[in-house]
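K.L.:
Following this message is one structure expressed as structure tokens.
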Amino acid sequence: MASSSGPIRLAGILSLILGVVFILAGGTTWALVQSELSEQRITVSDDAPFLAGDHVNGPFSAYAEAEVIDMHAKDATEGRTYAELGGLVRQAQADGDEELAEELQAQRTTVMNGSFLRASLFTSVVAFGVSALVIGLGVILVLQGLAFNRLAKAAAVPVVAEREPAYRD
């Protein structure tokens, strides 16, 4: 009977091991991203819709600062995008208005830099999300492993059937 519980026990042990590895990997990644963001000494701008003044070292503060960067870039360009500004620069050059072309190119550079900064912050937000997912999966695997091991123990215990008496009165 004990041999039939072998695969269940093996699955339980593997789930436990993988669960612990996932928890450690997710936690390590979270800590690494948090440390790298913290080293940049970024503070969420005072005009942010939430977490203003907070130190950027987590997913919510990184998201808040990315939103403020977008807001500032749109304010600087009257809401125009990088691509739209490129077309306006070419049009100003074609019209011979070099002063306007330079101004629009400066706005375009502002939008480009804002996009790079936002992309970097959003990358950290995604890294935090993936880390949380991996930690959650690790917890589920640990719980699954514990359940499988409990099932394996139950399967290994022989069931004693009640015997009927050999004779009747």
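The values are calculated or read from the model by the stated rules, or taken from the named source; none is laboratory data. This one's a predicted model, so the numbers in the text were calculated from it and none came from an experiment. Backbone-built Cβ (ideal geometry, glycine too); neighbour counts: all protein chains shown. SASA here: full protein model, heavy atoms, side chains in, ligands and nucleic acids out. Shrake-Rupley method; radii C 1.70, N 1.55, O 1.52, S 1.80 Å.
K.L.:
Keeping all protein chains in the complex and leaving out DNA, RNA and ligands, what accessible area do you get for GLU99 with a 1.4 Å probe, in Å² to the nearest 10?
P.N.:
So the heavy atoms of GLU99 present about 150 Å² to solvent.
K.L.:
Still on this model: Which order do ILE17, ILE23 take by accessible area at a 1.4 Å probe, largest first?
P.N.:
ILE17, ILE23
K.L.:
Pairs of alpha-carbon atoms within less than 8 angstrom and 6+ residues apart define the contacts here; what relative contact order does segment 45-163 have, in percent?
P.N.:
Relative contact order, segment 45-163: 26 percent.
K.L.:
Provide the FRET efficiency to the nearest 0.05 for the LYS153-LEU32 pair, computing r from the beta carbons and using R0 = 41 Å.
P.N.:
Efficiency for this residue pair is about 0.60.
K.L.:
Okay, moving on. If you count only protein heavy atoms and use a 1.4 Å probe, how large is the accessible surface of PHE148, to the nearest 10 Å²?
P.N.:
70 Å²
K.L.:
Give me the percent of accessible area attributable to carbon and sulfur for the chain, probe 1.4 angstrom.
P.N.:
62 percent
K.L.:
If you roll a 1.4 Å probe over the heavy atoms of the protein chains, what accessible area per residue do you get for the chain, in Å²?
P.N.:
Details: 11230 Å² over 169 residues.
Here the per-residue accessible area is 66 Å².
K.L.:
Assigning unit charges at the beta carbon (Lys, Arg +1; Asp, Glu -1) and nothing else, what dipole magnitude in debye, to the nearest 20, does segment 17-105 show about its Cα centre?
P.N.:
So the dipole magnitude of segment 17-105 works out to roughly 680 debye.
K.L.:
Also: Consider a paramagnetic label point 7 Å from the Cα of GLN40 along Cα→Cβ; state which residues of segment 63-96 have an amide N under 18 Å from it.
P.N.:
63-74, by backbone N distance to the label point.
K.L.:
Give me the percent of Cα-Cα pairs in segment 64-169 that sit more than 21 Å apart, rounded to a whole number.
P.N.:
65 percent
K.L.:
Another one. Largest first, what is the accessible-area ranking of ARG150, ARG108 with a 1.4 Å probe?
P.N.:
ARG150, ARG108
K.L.:
Ok, one more. Using 0.36 nm times the number of residues separating ALA25 and VAL126, minus their current alpha carbon distance, what extension gain do you get?
P.N.:
34.8 nm
K.L.:
While we're looking at this one, here's another question. If DNA, RNA and ligands are ignored and the probe is 1.4 Å, what is the ranking of VAL111, VAL20 by accessible area, most exposed first?
P.N.:
Numbers: VAL111 15, VAL20 75 Å².
Highest to lowest solvent-accessible surface, that is VAL20, VAL111.
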